[in-house]
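Novice: Here it is, the structure, as structure tokens.
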Ligand SMILES: [Fe+2]
């Protein structure tokens, strides 16, 4: 999968109907095709004239965004952040959710919170109290400690020096057509779809560095 310009939309790792009934086929399909597709296109359009940055990955574009030219900094950070978070969001779900965290995530949750249930309580509280559009991110800081971080708009924890482990989309397009403003019901559906294997692999690769 090409990880630099010209960016391609990642394949959806399941069929749009695979997460039903929690996430409807219509919801996932529109979200993936219209929303993520638009951000990929806009990011490519902004970067097109700037060949210097055509070898940069999404992470690099976000992390080093302060060094980008004034003219494109805001748009690159916005769209690269959106693409990066959407990739994490879609790959962080699976129709075959394992139902509970594996060893590394479970241990980190106990160290940083009291349990993984407390992690979810923190994420739910952040989701229901987020004003405006954004993301709720479970991230690992440089010491491996887990934190729940609300990220307004398309800001990411990467620029804060933290690696996202699980990402929840709290833009209205992610839930409104199915759940209206019932954030709790949307959150419950997301929890039932969490891909714990995906989160575990991220933490394992962090521990190797
Ligand atoms: Fe989204």
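Novice: On a 0 to 90° scale, report how tilted helix 196-208 is relative to the longest principal axis of the chain, with both axes built from alpha carbons and the result rounded to the nearest 10.
Specialist: Its long axis makes an angle of about 60 degrees.
Novice: For residue 52 and residue 91, compute 0.36 nm times the residue count separating them, minus their Cα-Cα distance, and round to one decimal in nm.
Specialist: On the way: separation 39, 0.36 × 39 = 14.04 nm, distance 2.94 nm.
Once the chain is fully extended between residue 52 and residue 91, it gains 11.1 nm.
Novice: Output the 0 to 90 degree angle, nearest 10, between the alpha-carbon long axis of helix 103-112 and the longest principal axis computed from the alpha carbons of the chain.
Specialist: Approximately 90 degrees, to the nearest ten.
Novice: Can you give the angle from 0 to 90° between the axis of helix 116-129 and the longest principal axis of the chain, with both taken from C-alpha atoms, to the nearest 10?
Specialist: Roughly 60 degrees between the two axes.
Novice: Then there is this: What is the order of 52, 107, fewest Cβ neighbours within 10 Å to most? Working shown, then result.
Specialist: Numbers: 52 9, 107 14.
Ascending number of Cβ neighbours within 10 Å: 52, 107.
Novice: Quantify how much of the Cα-Cα distance distribution of the chain extends past 24 Å, in percent. Don't jump to the answer; show the numbers that get you there.
Specialist: On the way: 8791 of 21736 pairs.
Everything past 24 Å amounts to 40 percent.
Novice: Can you bin the stretch 98-209 into rounded, prolate or oblate? Criterion: square roots of the alpha carbon gyration tensor eigenvalues sorted a ≥ b ≥ c, rounded for a/c under 1.5, prolate for a/b above b/c, oblate for the rest. Please report the intermediate quantities before stating the final value.
Specialist: Values: a/c = 1.98, a/b = 1.46, b/c = 1.35.
Cα axes put the stretch 98-209 in the prolate bin.
Novice: Normalised by the number of residues in the chain, what is the relative contact order in percent for Cα pairs under 8 Å and 6+ residues apart?
Specialist: Working: 307 pairs, mean separation 49.4, N = 209.
Contact order relative to length: 24 percent.
Novice: Using only the Cα atoms of the stretch 153-209, build the gyration tensor, take square roots of its eigenvalues as a ≥ b ≥ c, and label the shape rounded, prolate or oblate: rounded if a/c is under 1.5, else prolate if a/b is larger than b/c, else oblate.
Specialist: Working: a/c = 4.23, a/b = 1.71, b/c = 2.47.
Note, shape of the stretch 153-209 comes out oblate.
Novice: Quick check: from the Cα gyration tensor, does the stretch 23-67 come out rounded (a/c under 1.5), prolate or oblate? Let's see the in-between values first.
Specialist: Numbers: a/c = 4.05, a/b = 2.31, b/c = 1.75.
Verdict is prolate for the stretch 23-67.
Novice: Once you put a point 7 Å from the Cα of residue 182 and another 7 Å from the Cα of residue 106, both along the Cβ direction, what distance in nm separates them?
Specialist: 3.1
Novice: Can you give the extra length, in nm with one decimal, that the chain gains between residue 41 and residue 191 once fully stretched, where that is 0.36 nm per residue apart less the Cα-Cα distance?
Specialist: Numbers: separation 150, 0.36 × 150 = 54.00 nm, distance 2.98 nm.
Separation in residues times 0.36 nm, less the Cα-Cα distance, equals 51.0 nm.
None of the figures in this text is laboratory data; all of them are computed from the coordinates on show. Everything numeric in this text was worked out from a predicted model, so none of it was measured. Glycine gets a Cβ as well: all are built from the backbone with ideal geometry, and neighbour counts include every protein chain shown.
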